[in-house]
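*Asks:* Quick one: this structure, given as structure tokens, is what I'll be asking you about.
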Amino acid sequence: MDHKEETIFEAALQYEDPAERRAYVVTACGTDARLQASVESLLQAHESQSLLDDPVLECDPQGSPSTLMEGPGTVIGRYKLLEKIGEGGMAVVYMAEQEHPIRRKVALKIIKLGMDTRSVIARFEAERQALALMDHPSIAKVLDAGSTETGRPYFVMELVQGVSITEYCKCVRFFSGALLLLCLQ
């Protein structure tokens, strides 16, 4: 986040009325559409995060929170989670099934519970936006995006089957080392 973006974002938070906030952002950003879109994205993320400050939890029979926990069988928007296929520092990726308007398997990435701070959400939103703008055969396309009922953002990408990048790198390093040993003999 650059200084101007941060300054406008923080000043906009002072306006409680959404119409006044929007008018301030439009005026403060002037003709810079990229800056305006970025600030509005941060404000949306902030509003989503504030929904999580005091969430209402329902408990399963064992007494553990269940409403905010995703897992196989959970439905998010029009996607049913099938299995967890990856996890990073701030988010979890699931294989999911979209049934409407077309039936297909996709990858759904969602911020982890507890990682929904303003800065993490802003980074997640920036990643989502950057991926959505990319058009390359080796990069999965972003198909959809949204927020869960509790306000945590997610995005949906093409599902790419294959070896994870970390496993691929381990194999390349192993085979490179083995090839080097053969050449030295």
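*Asks:* Grab the other residues whose beta carbon is less than 10 angstrom from that of R78, score K and R as +1, D and E as -1, and report the net. Intermediate results must be reported in sequence, preceding the final value.
*Replies:* Values: positive: K80; negative: E97, E99, D144.
Charge balance near R78 sits at -2.
*Asks:* Mind putting a number on the dipole of the range 3-51 about its Cα centre? Charges go on the C-beta only, +1 for Lys and Arg and -1 for Asp and Glu, and I need it in Debye to the nearest 20.
*Replies:* Numbers: 4 positive and 9 negative charges, 32 e Å.
That gives the range 3-51 a dipole magnitude of about 160 debye.
*Asks:* Pairs to check: K80/K105; K80/K170; K112/K170; K105/K141; K105/K170; K84/K112. Give those whose C-alpha atoms are more than 21 Å from each other in this structure.
*Replies:* Working: K80/K105 10 Å; K80/K170 32 Å; K112/K170 27 Å; K105/K141 13 Å; K105/K170 27 Å; K84/K112 12 Å.
Distance filter (> 21 Å) returns K80/K170; K112/K170; K105/K170.
*Asks:* All other residues with a Cβ under 13 Å from the Cβ of E87 taken together, and with Lys, Arg as +1 and Asp, Glu as -1, what is their net charge?
*Replies:* +1
*Asks:* So who's got an amide H within less than 5 Å of the one on L159, skipping anything under 5 residues away but keeping other chains? H placed 1.01 Å off N, in plane.
*Replies:* Result for L159 returns A107.
*Asks:* Now for a separate question. Just grab the label-to-label distance for M134 and E99, each label 7 Å out from Cα along the Cβ direction, in nm (one decimal).
*Replies:* Simple spin-label model gives 3.2 nm for this pair.
*Asks:* What is the list of residues in the range 79-113 whose amide nitrogen lies under 19 Å from a point 7 angstrom out from the Cα of A126, following Cα to Cβ?
*Replies:* Of the residues in the range 79-113, 88-92, 110-112 have backbone N under 19 Å from the label point off A126.
*Asks:* I would also like to ask the following. Neighbouring Cβ atoms within 10 Å as the yardstick, rank V120, V163 fewest first.
*Replies:* Details: V120 19, V163 10.
Placing the least packed residue first, the sequence is V163, V120.
*Asks:* Let me ask something else about it. Once R0 is set to 25 Å, what does the formula 1/(1 + (r/R0)^6) return for the Cβ-Cβ distance between T117 and E83, expressed as a FRET efficiency to the nearest 0.05? Don't jump to the answer; show the numbers that get you there.
*Replies:* On the way: r = 27 Å, r/R0 = 1.09.
The pair T117/E83 has a calculated efficiency of 0.40.
*Asks:* Compute log10 of I(q)/I(0) for the range 3-51 with the Debye formula, placing one identical point scatterer on every Cα and leaving out solvent, at q = 0.23, 0.24 Å⁻¹, to two decimals.
*Replies:* Relative scattering, expressed as log10 I(q)/I(0), comes to -0.77, -0.84.
Every number here is computed from the coordinates shown, using simple stated rules; none is lab data. Just so it is clear, the model here is predicted, and its values are computed rather than measured. So basically every Cβ, Gly included, is an ideal-geometry build from the backbone, and we count neighbours across all protein chains shown.
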